[in-house]
Amino acid sequence: MSPPPPPDPIEPCPTPPAMDAALPAAVVATILSRLDVRSLLLAAAACRGLRTCASHALAFLPSFHLLEVALTNDLLRPLLPPNPSLRSLRLDCARLEDDAIGCLARSSLHELLLLNCENISGRLLCELGATCRDLRVLSLNSLGERRGLVVNFSDLQELLNGCSQLESLRLALDFSTFDDTNFGRVWASASERLSSLEIGYIPMTMLLELLAAVVEAQQCMDYVKTPVFFPSLHKLCLTVDFITDHLIGAISVALPSLTHLDLQDAPIIEPTSSSDLTNAGLQQINPHGKLKHISLMRSQEFLVTSFRRVNDLGILLMADKCSNLESVCLGGFSRVTDTGFRAIIHSCSGLHKLRVSHGSHLTDLVFHDIIATSLCLTHVSLRWCKLLTDVGIERLSFNKDLNVLDLRDCRSLGDEAVRALSCLPKLQTLSLDGTDISDEALKYLGLGTCPLTSLSLRGCRKLTNDCIPLLFAGSVKQSLQVLDISRIPSVTDDGIVLLARSRTPLIELRMRENPKIGDAAVMALASMQVDGGTYGSSLQLLDLYDCGGITPLATRWFKKPYFPRLRWLGITGSLNRVMVDALARSRPFLHMACRGEELGTMLWDTYSDWYRHNDDDLDELEQWLLDGEPVSDDDTIMEE
């Protein structure tokens, strides 16, 4: 009997083609050129071929926006090679110092937005003035706030002299450092195209000096050739020590073309009659009828006070001249009643945004006959309006275009108000902090039709664990991205387990100051998978500050591979300093807040497609930034 034939030899698997053989370099370059920075860096982490193409693409990007990660200068420089095409640069500068100024100040830039510049001195302003001659938009935050750093008047002078094309200038810093006898006159050299000016804080004396210089130049224009101040300025946002009648009058005379006026003060002493806003001051607002937005806010940061010298008459006089207003923000008008607020609603037919805070006399009557008006309100904020009840919110809900509604600390609101709001077809952001709602209100939201993306329930003390499954029983589960359930004493680990089981793809979750939330909640969130992703993959912000049951064991769940997309973590620093510090070292791109400071995404790039990313590759991004080339051996073999 003949032996069986030998088996057929096993065919070796064909080697996959290298990247440059699979796709022409021109095609790859075209594809990569259409990606944002974050996607480009993730592509570079995949293999050497893409890394090479990505490195070339970085030299031709028109925009470089990377606000979700704070890089050091050593990590940033390779990502910002010489690039004559770069027009827009947005960065978080929390880990940058003066040695990065040369990398930031680029002659090709038209837009520069830098956050958290506390470790960078005023030399940045000087360098921008010398280098960025075509800069159109400049926004700087916290410049030179670290002790020992200096921001000089000469730095501001160089910026204004050099950046002659500026259209928007936002300097969120203390302008008292620029106190100089020439402060008012130096603005004559500012760009004639400047249409928007935002200043963090400026003493009223310096502001009045500037406005006086503007008026003086206007008066001399007819017979003496003088510099023109702010010929195109339409938007002015300022924080001062006192808002006064004199200040309002000076702004109205010096800047007649304003369409957007935003003023805030924060008194440290009770204002006197000569240093306060009165009905006469409100009558001076908008003499030319051009204002579209007005915001007058009195902060209670240092002193519990209000605009005590303004009553309904002042608001009536202002409303009579401001019928074209589209946005009104009033804070601290404690003597204004429903009569004044109704005058605004009925006089401003084009009003879209209404914000009232500390309206101690605002009641349901404000919205009694709102259905009879032609208003189309989209954004409404009524913070600390404690006389407002469910009836008023039911009337307000007749505005079917409501998109953002802030009812924080309206303590008389209950379940029926939420029931009325649950059917609003465009409502995306709802804040109910400190209201009197119960689990029943969350049932209404869960069964409702509003496409909520953000919900804040902080301090709603009647809520229990049962509110979690009620909220996520309907379509809200598919849309909700941001949830705040802080300061709710009845919410426990069991409630967070229910949340994890719902597999809702939350991006931000705040649970601070909940005494019954502990390690089990962290483990449940770390183990949660959304749509087959990695563990805890969707969360980018998690606030656990002062949660009573958190122990050092919980910090272990924040190590890789858990929570790969987490960028903000609030935790009690005294929990275990050694373990917290070790976590910070192992995840250098994780912003950790250990002293109770609020976390938020206001620092992120709201214009980017950050929320549209559904991948779970941020670990690879971190590895590529830190190590250079996370390419496996198999990748190397295939490419060779």
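The values are calculated or read from the model by the stated rules, or taken from the named source; none is laboratory data. Keep in mind that this is a model prediction, so the values were computed, not measured. When we count neighbours, we look across all protein chains shown, and the Cβ atoms used for this are built from the backbone with ideal geometry, even at glycine. Calculation scope for accessible area: heavy atoms of the full protein, side chains included, ligands and nucleic acids excluded. Shrake-Rupley method; radii C 1.70, N 1.55, O 1.52, S 1.80 Å.
Assorted remarks:
- Candidates ILE488, ILE507, filtered to the one that is touching a residue at least 60 places away in the same chain (Cβ under 8 Å) and among the hydrophobic types (A, V, I, L, M, F, W, C): ILE507
Matching residues to (1) of a type outside the set (Asp, Glu); (2) touching a helix residue (DSSP H, G or I) at 6+ places or on another chain (Cβ under 7 Å); (3) open to solvent by 30 Å² or more (accessible area, probe 1.4 Å); (4) within 20 Å of PRO267 (Cα to Cα):
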| residue | (1), (2), (3), (4) |
| --- | --- |
| LYS290 | yes, no, yes, no |
| GLU301 | no, no, yes, yes |
| PHE307 | yes, no, no, yes |
| ILE315 | yes, yes, no, no |
| MET318 | yes, yes, no, no |
| LEU325 | yes, no, no, no |
| CYS329 | yes, no, no, yes |
| PHE333 | yes, no, no, yes |
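- Taken as a whole, the structure leaves SER164 outside the set of residues that are surrounded by fewer than 17 Cβ atoms within 10 Å (Cβ to Cβ), farther than 22 Å from LEU233 by Cβ, in contact with a Ser or Thr (Cβ under 6 Å, 6 or more places away or on another chain) and small (Gly, Ala, Ser).
- Residue ID - surrounded by the most Cβ atoms within 10 Å (Cβ to Cβ), chosen from residues in the range 384-428 that are within 30 Å of VAL304 (Cβ to Cβ) and of a type in the set (Gly, Ala, Ser): ALA417
- Subset tally (residues that are of a type in the set (S, T, N, Q), modelled with pLDDT under 95 and closer than 20 Å to LEU171 by Cβ) for the range 222-240: 1
- Being within 20 Å of PRO81 (Cα to Cα) and either open to solvent by 10 Å² or more (accessible area, probe 1.4 Å) or within 18 Å of the chain's Cα centre (by Cα) (or both) is a property that SER107 has.
- Qualifying residues in the range 358-379 (those that are small (Gly, Ala, Ser) and open to solvent by 10 Å² or more (accessible area, probe 1.4 Å)) - the one farthest from LEU296 (Cα to Cα): ALA372
- Considered as a group, the residues in the range 45-71 that are part of a strand (DSSP E or B) and open to solvent by 30 Å² or more (accessible area, probe 1.4 Å) include one that is nearest to TRP568 (Cα to Cα), and that residue is HIS65.
- Lone qualifier among ASP8, ASP36 - being modelled with pLDDT under 90 and touching a strand residue (DSSP E or B) at 6+ places or on another chain (Cβ under 7 Å): ASP36
- Residue match in the range 461-469 (condition: within 27 Å of the chain's Cα centre (by Cα), among the acidic types (Asp, Glu) and on the phi < 0 side of the Ramachandran plot): no
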